[in-house]
1. Can you tell me which of (1) under 15 Å from the mean Cα position of the chain (by Cα); (2) closer than 30 Å to LEU6 by Cβ is the one ASP88 doesn't meet?
2. Only strands (runs of 3 or more DSSP E) wholly contained in segment 110-174 count here; list those with 2 or more residues that are crowded, with 17+ Cβ neighbours inside 10 Å.
3. Looking at segment 9-30, I want the residues that are in a helix (DSSP H, G or I) and have a partner that is among the charged types (D, E, K, R) with Cβ atoms under 6 Å, at least 6 apart or on another chain. Which pairs are those?
4. Name the single residue that is surrounded by the most Cβ atoms within 10 Å (Cβ to Cβ) among those in segment 200-229 being touching a Gly at 6+ places or on another chain (Cβ under 7 Å) and assigned to a helix (DSSP H, G or I).
5. Tell me whether segment 76-94 contains one or more residues that are touching a Leu at 6+ places or on another chain (Cβ under 6 Å) and either under 20 Å from PRO153 (Cα atoms) or of a type in the set (D, E, K, R) (or both).
6. Out of all the residues in segment 75-99, which are among the β-branched types (Val, Ile, Thr) and either assigned to a strand (DSSP E or B) or open to solvent by 20 Å² or more (accessible area, probe 1.4 Å) (or both)?
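The values are calculated or read from the model by the stated rules, or taken from the named source; none is laboratory data. Remember, predicted model here, so these are calculated numbers, not experimental data. Counting neighbours? That spans all protein chains shown, and the Cβs are built from the backbone with ideal geometry, glycine included. All accessible areas refer to the heavy atoms of the entire protein, side chains included, with ligands and DNA or RNA removed. Shrake-Rupley method; radii C 1.70, N 1.55, O 1.52, S 1.80 Å.
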Amino acid sequence: MIERVLDRLKETEFLLVITGAGISAESGIPTFRGSDGLWKNYRAEELATPWAFERDPDTVWRWYDWRRGIIGNAQPNGGHLAIKKLEDLFENFFLVTQNVDGLHARTGIRNMVEIHGNLWRARCTKDRKTSMLMDVPLTSIPPRCECGEILRPDVVWFGESIPSSYLEKAYDVIDRCDTLLVVGTSGAVYPVASFPENAKMKGSFVIEVNIEPTPISQIADVSLFGKSGDILPEIVQKLRASRGKT
């Protein structure tokens, strides 16, 4: 099956990659759902909402601080690094990630949109100005903007819409790609879950890499089941060899 993927990639003119929580799970980051999503008797779905933040911003901020503590100790794994190498191999490349952990950015990847935001950024609840947390004085929880209003994590919560600029970029690259590589996503969170089908309808070849079958498997041209940290480096190594690179 990998040989079929390689044959397709050799012909690819525009590669689009979509990643989800599965790729970061291999770096030791708990997934959003399941038993590891529990924190102080709260489920993630109870805290990642605008209503939870309005009701108790202190608790929501402390939960995100706990998450950042875990993620801060994690490192990009072989899957993240392989995707960066794919960017270097293709003149036309783009990454849409659902992950808010910032691990893709730490590989130096350039052509990317973090469609659900980034938990290392904060956003003013008044004027929507964003700042990296390292630039925010955390003298109180919740922290405040220089204008005096409360800051919130710059992420997309349940019940919120993805910023239109992010969606416009995603739909633009879906229109232009001829191969889509979907890595570590459950295919259950919309609108990103609809992207593979949209790409397929426009004629793209869809490759899935995941631990287990997902709804995307039904439309994928090739599904490779296993750890992305094992599969993607192998693909990159063989693709580089086919181009005479070591």
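1. (1)
2. The strands (runs of 3 or more DSSP E) meeting that bar are 112-114, 117-124, 151-155.
3. From segment 9-30, the pairs are SER24/ASP101.
4. The extreme case among them is SER228.
5. No, every residue in segment 76-94 fails to be touching a Leu at 6+ places or on another chain (Cβ under 6 Å) and either under 20 Å from PRO153 (Cα atoms) or of a type in the set (D, E, K, R) (or both).
6. Result: VAL96, THR97.
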